[in-house]
Amino acid sequence: MMFPNHSAFKDSETTLITSSEGNAKNHRHRKFSLSSGIAHVPGVLSALNRRSRSSVIINNVEDIKARQKFILTLAKALLMFGAPSHRIQSQLTAASDILGADSEFIHLPNIIIVSMRHGDTAPTQTYFVRATGRVALTSLHRVHLIYRDVLHDEIGAEAGTKALRQLIRQPPIYPLYFRCILAFFQASIICAISFGGSFIDMWVSGACACVLQYLGLSAAHKSSMYAKVYEITVSIIVAFVARALSNIPGDWFCYSAISSAGVVLILPGFTVLVSALELMSKNMFCGSVRIVYAIIYTLFLGFGLTIGSDFYLVVDRRARKAYYSKNVLHNLTYTHGRFEFVNGTNPLTVIQGVLGKSIPLTNEQQHIFKGCIRDPSWKWYRQPFPFWTLFFLVPMYSACSSLSNLQRFRSVQLPVMVFFSCCAFAANKGASLALPGRTDLVSATGAFVIGLLGNLYSRLAGGTAFTSMVTGVLFLVPSGIAQDGGITGQNFHSAAEQYSTGFALALRMISVASGVTVGLFASQVLGARKNAAHFAF
C-alpha cells in the first residue's frame, strides 16, 4: 500500500513500509499539546500536561508530518557526520517524546529503523534510514545546535528539517589537497611523539600518509572495487618504502617508526572505542559486530604490512640475508657440565646442562629507542626529539587532527579542542610514568580527564561536549598503542608469528579502548547532565 505523502520522503533517502493496522484517515493524536487543535485546549489542561512532561512544543506547533520529517532527517545527519552511535537511539527517542511523534528506533551499524505510529487505529509506518560517513566536527556541532533549537521550541520542525538537509548537501569544508597536507603533518608529528622517529623519519612517514589520504579520499571514494582493498594496498606501499629505506647502510631510517606512523591514520582505533562504548551501553549487537570487524581489519592491516616488507626482501637479496640473520647469535661457545651460581636470587644453586656464551652486544644494539637504533654520536636530525618539544608538537598535532576531522579553522571550538587534547595527553603521560606497562589504566586516566572537561564545557559554556572531546580521545589511541610496543613487529619468520603479531595489535587496541571507555563513563557519572539526550561520549 502506498500513501500520497510517500514522495515527501524521497530526498531523505529512506525506505517506507506501511502495515495496515487500521484506517489512516480522520484519526486524532493522543498528545494534545502537539496536535493541530492545541489552541482549543484549556489552560488548565495545558499546564497539567506541561508539568507532566519534561518539555513540550508550544510556540512552533506544526503538523505531525513535519515533525516526522525532522526526526528522519536528524537520524540521517547523525549517521552521516559520525555522532556517538551508543547515544543516537537515546537522542532520537528524546526528540520523538518532545515532538510527540510516537516513534520507536532500532539502531544497527550504518542503519536506523524508525517505526512511527499515528494512534491506535492508524497504520504503523516503518522507515529505514541508511547513511555512511566519517566524523565531521563542524557539521556535527551544527546538527546539535539545530537539534537543540527545535527541542527547546526556538524554531519549528520544518525549519530544522530544511537546515539539516542543507547541511547534508554541503560538500566538505576543506578541499582534497588541504586534507592531504593535514595528513602529512599528522603522521610526521605522531612519528616523533609516539614512535621515536627522527627528523628525517618524519618526512618519509608524512609523505606516506599523504599518499594514503589521497588514495582514500579520491580513488577509494570513486571506485567501489578499489575501496575494498584500499587498506591492504596502502599498507603494502608504506611497508615496502619503510623496509627499503631502513636497509640503506648506516641506519639512516627506522622501519618501525615510518611504517607505524604511515598507517596510523587508518587504524580502527575509533571503531574499537565505539564498539566498547556500545557494549558498555548494553548494545550487544552493534558492539559485537563492530569489534569483530575491527579485529579482522587489524589482521588485514598487519597482513598488508608484512606483504610489503617481504616483497622488498624478495627484491633485495642482501637485505633478506641481513633480515633473517639479525636475531641469530654468532660465535657461541658451548660448555657441558654442572654449574654453580655464586650470585643472583638463589646463590649456590647447582644446575646441569649446556651453557652457550656469545659475543657481547654491539654498540648499535645497545642504543635502541622504541625499536629504532639511535647512536648518541649521531647528529641531531638522526636522534629522537627531546622532551621539551612536546610542548609545541602536541598542540600542533591536536590542531591538525581537529582540522582533519573537518573542524572549521575560524571557530571558538578549535582552541577548546586543542586545550582538551593537551590536557588528556598530559594526564596520559603522567600516568604512564607512574604506571608503566598498564595501558588500560593510563588510557582510563586520560579519558577521565577529558570527559570531565567536556562535561564542564557543556554545562558552563553551553558547548557541545562530544565535538570538543573527539580530538583528545582519538589522540589517546595511538599514544596508548605506542606505549605498549608500537604497531609493527620487527621480525617474523613464519605465518603463525605474523598473525600472532596482528592479534597482539588488536588486543592492544582493545586494551586501550577499554581503558578509554571506563574513563569516559566514570566522568559521565560525575559530570554529565541528567537527560538522556546529552550529546557526549
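Structure data summary
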quantity: Residue selected from region 160-206 under the condition open to solvent by 50 Å² or more (accessible area, probe 1.4 Å) and of a type in the set (A, V, I, L, M), by the criterion nearest to Pro395 (Cα to Cα); calculated: Ile181
quantity: Residue selected from region 214-229 under the condition open to solvent by 20 Å² or more (accessible area, probe 1.4 Å) and touching a residue at least 12 places away in the same chain (Cβ under 8 Å), by the criterion farthest from Ala261 (Cα to Cα); calculated: Leu217
quantity: Scan of region 210-229 for residues that are at pLDDT 85 or above and within 18 Å of Gly302 (Cβ to Cβ), ordered by number; calculated: Leu212
quantity: Selection count, region 414-427, where residues are open to solvent by 20 Å² or more (accessible area, probe 1.4 Å) and more than 19 Å from Trp388 (Cα to Cα); calculated: 2
quantity: Residue within region 230-247 that is open to solvent by 40 Å² or more (accessible area, probe 1.4 Å), at pLDDT below 85 and farther than 21 Å from Leu505 by Cβ present; calculated: no
quantity: Among (1) surrounded by 22 or more Cβ atoms within 10 Å (Cβ to Cβ); (2) at pLDDT below 85, the one test that Asp251 misses; calculated: (1)
quantity: Of all residues in region 261-279 being open to solvent by less than 10 Å² (accessible area, probe 1.4 Å), assigned to a helix (DSSP H, G or I) and in contact with a Leu (Cβ under 9 Å, 6 or more places away or on another chain), the one that is modelled with the lowest pLDDT; calculated: Gly269
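This table checks each residue for (1) open to solvent by 40 Å² or more (accessible area, probe 1.4 Å); (2) touching an Asp or Glu at 6+ places or on another chain (Cβ under 9 Å); (3) of a type in the set (Lys, Arg).
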| residue | (1), (2), (3) |
| --- | --- |
| Cys372 | no, yes, no |
| Ser377 | yes, no, no |
| Phe391 | yes, no, no |
| Ala399 | no, no, no |
| Lys429 | yes, no, yes |
| Ala434 | yes, no, no |
| Leu460 | yes, no, no |
| Thr467 | no, no, no |
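The values are calculated or read from the model by the stated rules, or taken from the named source; none is laboratory data. Because the structure is a prediction, the values reported are computed rather than measured. Please note: Cβ atoms are built from the backbone with ideal geometry, for glycine as well, and neighbour counts cover all protein chains shown. Side chains included, ligands, DNA and RNA excluded: accessible areas come from the protein's heavy atoms. Shrake-Rupley method; radii C 1.70, N 1.55, O 1.52, S 1.80 Å.
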